[in-house]
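One structure below.
Bear in mind that the values in this text are calculations on the coordinates, not laboratory data. Just so it is clear, the model here is predicted, and its values are computed rather than measured. Here the Cβ positions follow ideal geometry from the backbone for every residue, glycine too, while neighbour counts run over all protein chains shown.
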Amino acid sequence: MVAVFGLLGATKTNELLADPAAFVFLDSQKTKEWGRFQPDSPANSNRLTELLLQSDEMQLYKHPEWIRLLHYERNWEGKYKSKITSDRFFFSPSGNVDPQAELHATIRSFFVTEEVPEGLLHPLCSYPARYLFFKKHLHFEFYSISNVSCDRYRNWKTSLNTDSVSVVFASHYLQSPASFFGHTLLKLNQDTNVSSQTELLDYGVNYAADAKGYNFVSYAYLGLTGGYQGKFYLFPYFLKVNEYNDLENRDLWEYEIHLNEFEREILVSHLWELSRAEFDYYFLSKNCSYLLLEWLEVAKPDLALKSKLGIIVSPVDTIKLYLGETGLVLGKKYRPSLYSEIKSKLLEMNPEEKEMFWLLADFYNVTSYPDILKGFRADKIRNDLVLDATLETYRYQKNRGIDFSESAKLKYQHLLSMRSQIPGEILSYKPRFEAVHPPETSHPMARVSLGGGHSNLGSFVEWKYRVAYHDLLNSSKGTPPNGELVFFDGTVRNYEGKRPEFTSLSAIRILSLQPYNSISKQLSYLLDLGWQTVVFSKEKDVSGPIRTFEDSNSYFRKQVSNVDMAVGYSFADEFSKSSERFGVFSLLAGIKLQSHPWFETGSRFGPNIQGLYQKEFGNWKILGGIVSQHYTSSRNPNTTSGSIKLRYLLSNTAELRLELLSERLYQEVNLSFQYLF
C-alpha cells in the first residue's frame, strides 16, 4: 500500500529512486515552470491567448467543478484557499489561494511541447481530470498540441477497470484511537470480479493520516490540531478485508454509489491527480469520511452533501447522508467479521453441537474429531457447522497472536482434511446476523439534556450538552457494542437558592467492555479525562453522617480535575440463543487522580475497584455501578459510591433517564429528557 500509487511507474531513474526529496523538488520546480509556459509557435501562442480569454469570459475559475477539483473552500473573509498543502499540486505560485491564476497556469502547462525529464510526467498526463474539465467547457483537444500518449496513466486506469464504486464502512474499533468512530473507504468494483465471486481482488482507496512513531499524547494532540498529513492510498481490497474483518474484528458494510460512466472517469482520473496531494488531517473534521465525500462530489457535481455536515464529521454521518440522497445508493452488502461469523454459528448450534465445538476448539486437547464424535448422537450433529466454527476459531485466535503448539497445528490440519471430505455446495445451516445493526440505524451523536432532581444539598435543575458520541445508556444499535465514546460532555446545574455552576466536563471518555471468553480474550478498559464536582465539608468532618439540606451550609462544592484509568474483564452470555440474557457484568481495577487546593495535599489519588452491570431489554436499559476508591496514601478519606440508572427509549432521537447516585457526603435522584441530533 503506497501513497504515490503508480505515479512514477517503473521508469524512474536510479538517481530519483535514491533521493525521493530531490525528485519532489524537481517535480515542484518543473510544475511552476510549466505554469508560466509560453509557446514558441505563433499559432499555439494565439490559440493559448484565445483560450485564456475564453475561460475568463466564461468565468470558469468560478465554476463549481473547478472549485471542487482544486479543493478550494472559502475562509471567514470569503477568500478561497485550497485544503491541499503540497506545493507541487499547483502550477501557479499562488494557485492554492487564487482559482483564476491556477486555471490560467494549468491551461499554459497543457501547451508544453518541450521534452519532459525522465521520471516526470507531462502536465496532461499528471492532471487528466483537469483536462476533462477543459475539454468539456472549452471544447479544445489539448493532445493535438503536445502529442503525448500518457501510457503510464492509461495503463494504470485500465488495470483498475472500474465498473462501479462502493463506499465501505468499517465498524467502530475501540482498540485504536484513529478508528473510534469507525472508518470509511472507497471500493472500485470490477464486473468480472462480481460475476466470478472474486470481489476481494478489487481495489480499495483509503484516505488516512501519515501517523507513525508517535505516542498516545502526541497522537491525540496532532490529530486534533491538524498536525498530520493526510494522503490517499490505493491497495488490493483483500488487504483491508484481512485487516478489518479478520485482525480487528470489524464488520464491513458496502454501499454501491450510483455514478454514470463519465462520473466514474472523473473519479478515477482525479484519484490519479490526488497522488500528488497532501492535506492537513483532523481526526474530528477533515478526516477520512470528509475527504471521501469531497472526492465523490468532484465526480458527481450535482451532489451537495458536504454542506450538510456539522463541525464534527463521523463516518456514520456520511453514510446517513448517502442513504438520504434519493437514488444515490443502489444497494448494500454486509461482510461480517471473522468473530461475527463464529458467533452466528454458535447461536445456530443446538446444545450437543455446542458441547462438541468447545471440545474441538480446545486446541491443546489433541483428541481427534472421530474420537470426540463417538460420544455424541450422529443425528444431533451438523458436521459442517461444527467444523466451520472450529476452523474459524483457530484462524481468529492465530490472527490475534496466539502461538499454537505443533500438536495444535496438526489438529487444525486434521480438521481441515475432515472438512474437505464434506460436500460444501449446500450447507446444512444458514448463517444469521439479525442481531447485527448497520451504521445508519445508530442514534445521532450530539446530545442536549434538560433535567432536574433532589439531593441532600437541595433541589436542582440541570442542562447538559455532549458534542459526541455515545454512552452506555444510549441505544446500542449501530454503535460500539458494550462501549462508550464521549467527547466534551458538559453539565451546568442550578441548585435551589444558588447561582448556576459548571458541574462537570468529560473532555474524553472511552470505555470498552468487550466480553471475555475462551475465543476472544479481550481486556476491558476505561480512560476518562476531564473535570468533576466534589463535595467538601467545611469542618473537615470526614467521617460524620450525611447532613440534610437544612444543614447544607456545612458543605460546599468544588470542580476538580479528574483522570481515571482502569482495566479488567467483562462477562456475558453472548453465545446463547437469547443473547446476553443475563446482561454484561464488568469488573475493573485502576487508579484515579484528582487535583484541587482544598484536598489535604493539593490532590488525591489512589487505586480503585469498580463493578458495572448493564442490561438492555427492548426500549429499556439498566446500568448499575459501584466503586470502592482508596485515597489513604494521599491523606484523604476513602470513598465508596454507587449508582443505578434507567433509560427508556422514546425514539432514535429521544430518551428519558432516571438516575440515582450515592457517595460519601452526597446523594441525589435525577430525572432528565435527552434529545439527540
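In the range 443-676, with Lys and Arg counted as +1 and Asp and Glu as -1 at Cβ, which of these residues, G611, P444, F599, has the Cα nearest the positive end of the dipole, that is, farthest along it?
After comparing all options, I get P444.
In degrees between 0 and 90, to the nearest 10, how far off the longest principal axis of the chain does helix 216-225 point, with axes built from Cα atoms?
Relative to the chain, helix 216-225 is tipped by roughly 50 degrees.
Please compute the net charge surrounding S307, taking Lys and Arg as +1 and Asp and Glu as -1 over other residues with Cβ under 14 Å from its Cβ. Numbers along the way, then the final one.
Numbers: positive: R68, R74, K306, K308; negative: E73, E294, E297, D302, D317, E325.
Charge balance near S307 sits at -2.
As I understand it, the dipole of the chain uses +1 on the Cβ of Lys and Arg and -1 on the Cβ of Asp and Glu, about the Cα centre. Which of G327, A129, P481 lies farthest toward its positive end?
Of the options given, the answer is P481.
Counting Lys +1, Arg +1, Asp -1, Glu -1, what net charge surrounds F90 among other residues with beta carbon under 9 Å of its beta carbon? Each step should come with its number before you reach the end.
Working: positive: K32, R88; negative: D87, E102.
In short, 0.
Would you please name the trypsin sites (Lys or Arg not before Pro) within the range 169-257 that are DSSP coil residues with at most 16 other C-beta atoms within 10 Å of their C-beta? Mind dumping the intermediate values first?
Numbers: sites: K187, K212, K231, K240, R250; in loops: K212, R250.
For trypsin sites (Lys or Arg not before Pro) across the range 169-257 that sit outside H, G, I, E and B with at most 16 neighbouring Cβ atoms in 10 Å, the list reads K212.
Give a residue-ordered list of calculated ³J(HN,Hα) values for the range 422-438 (Karplus: 6.51 cos²θ - 1.76 cosθ + 1.60, θ = phi - 60°; whole Hz; x for Gly, Pro).
Residue by residue, the range 422-438 yields 9, x, x, 5, 10, 7, 7, 9, 10, x, 10, 10, 4, 7, 8, 10, x Hz.
Ordered by residue, what ³J(HN,Hα) values in Hz, to whole numbers, does the range 253-270 give under the Karplus form 6.51 cos²θ - 1.76 cosθ + 1.60, where θ = phi - 60° and Gly and Pro are x?
10, 10, 10, 6, 9, 7, 10, 7, 4, 5, 5, 5, 5, 4, 4, 5, 5, 6
At A435 and Y648, where each label point lies 7 Å from the Cα along Cα→Cβ, what is the point-to-point distance in nanometres?
2.7 nm
Return, in residue-number order, each cysteine of the chain whose C-beta is not under 4.7 Å from any other cysteine's C-beta.
Result for the chain is C288, no neighbouring Cys Cβ within the cutoff.
Residues with beta-carbon under 12 Å from that of N619, excluding N619: net charge, scoring Lys, Arg +1 and Asp, Glu -1?
Working: positive: K477, K621, R647; negative: E616, E655.
Net charge in that neighbourhood comes out at +1.
Filter the GluC sites (Glu not before Pro) in the range 360-461 down to the DSSP loop ones having no more than 12 other Cβ atoms within 10 Å, then list what survives. Walk me through the numbers before you get to the answer.
Details: sites: E392, E406, E425, E434, E440; in loops: E425, E434.
Qualifying residues, ordered by number: E425, E434.
Could you please rank I644, I266, I381, placing first whichever residue has the fewest other Cβ atoms within 10 Å of its Cβ? Working shown, then result.
Working: I644 16, I266 24, I381 20.
Least to most surrounded, the residues fall as I644, I381, I266.
Which FRET efficiency value, to the nearest 0.05, is calculated for A378 and Y334 with the Förster distance at 30 angstrom and r the Cβ-Cβ distance? Let's see the in-between values first.
Values: r = 33 Å, r/R0 = 1.11.
Rounded to the nearest 0.05, the efficiency is 0.35.
Check S337: other-chain or 5+ apart residues with amide H under 5 Å from its amide H, H built from backbone geometry?
Under 5 Å from the amide H of S337 lie the amide H atoms of D251, L252, each far enough along the sequence or on another chain.
Would you please name the chymotrypsin sites (Phe, Trp or Tyr not before Pro) within the range 418-473 that are DSSP coil residues with at most 14 other C-beta atoms within 10 Å of their C-beta? Write out the running numbers ahead of the final one.
Numbers: sites: Y429, F433, F460, W463, Y465, Y469; in loops: Y429, F433.
Listed in order of number, the matching sites are F433.
Which residue, H630, T640, S651, has the largest displacement toward the positive end of the dipole of the range 610-675 when charges sit on each Cβ (Lys, Arg +1; Asp, Glu -1)?
H630
How high is the FRET efficiency between D302 and D371 when r is their beta carbon distance and R₀ equals 45 Å, given to the nearest 0.05?
Efficiency computed from Cβ-Cβ geometry: 0.10.
Which whole-angstrom value gives the distance between the alpha carbon centres of the range 313-359 and the range 464-530?
Each part's Cα centre sits 25 Å from the other's.
Show me, for the range 135-148, the HN-Hα J-couplings you get by feeding each phi into the Karplus relation (A = 6.51, B = -1.76, C = 1.60, θ = phi - 60°), rounded to Hz, glycine and proline as x.
Values, residue by residue: 4, 5, 9, 9, 6, 10, 9, 5, 5, 5, 8, 8, 6, 8 Hz.
Which distance in Å, rounded to a whole number, links the C-alpha centroids of the range 250-293 and the range 406-453?
Each part's Cα centre sits 28 Å from the other's.
Specify the angular offset, from 0 to 90 degrees and rounded to the nearest 10, of the alpha carbon long axis of helix 20-34 from the longest principal axis of the alpha carbons in the chain.
So the inclination is approximately 50 degrees.
Note the full-extension length gain between I426 and W598 as 0.36 nm times their separation in residues minus their Cα-Cα distance, in nm to one decimal. Show your work: numbers first, answer last.
Numbers: separation 172, 0.36 × 172 = 61.92 nm, distance 7.10 nm.
Residue separation times 0.36 nm, minus the Cα-Cα distance, leaves 54.8 nm.
Quick check: Cα centre of the range 589-664 to Cα centre of the range 152-226, how many Å?
38 Å
Which cross-chain or sequence-distant (5 or more) residues have an amide H under 5 Å from the amide H of Y469, H modelled 1.01 Å from N in plane?
Those qualifying (amide H under 5 Å, at least 5 residues apart or on another chain) are L485, V486, F487.
Identify which of the listed values of mean projected area of the Cα convex hull in nm² was calculated from the structure shown: [x] 37.0; [y] 49.5; [z] 38.9.
[x]
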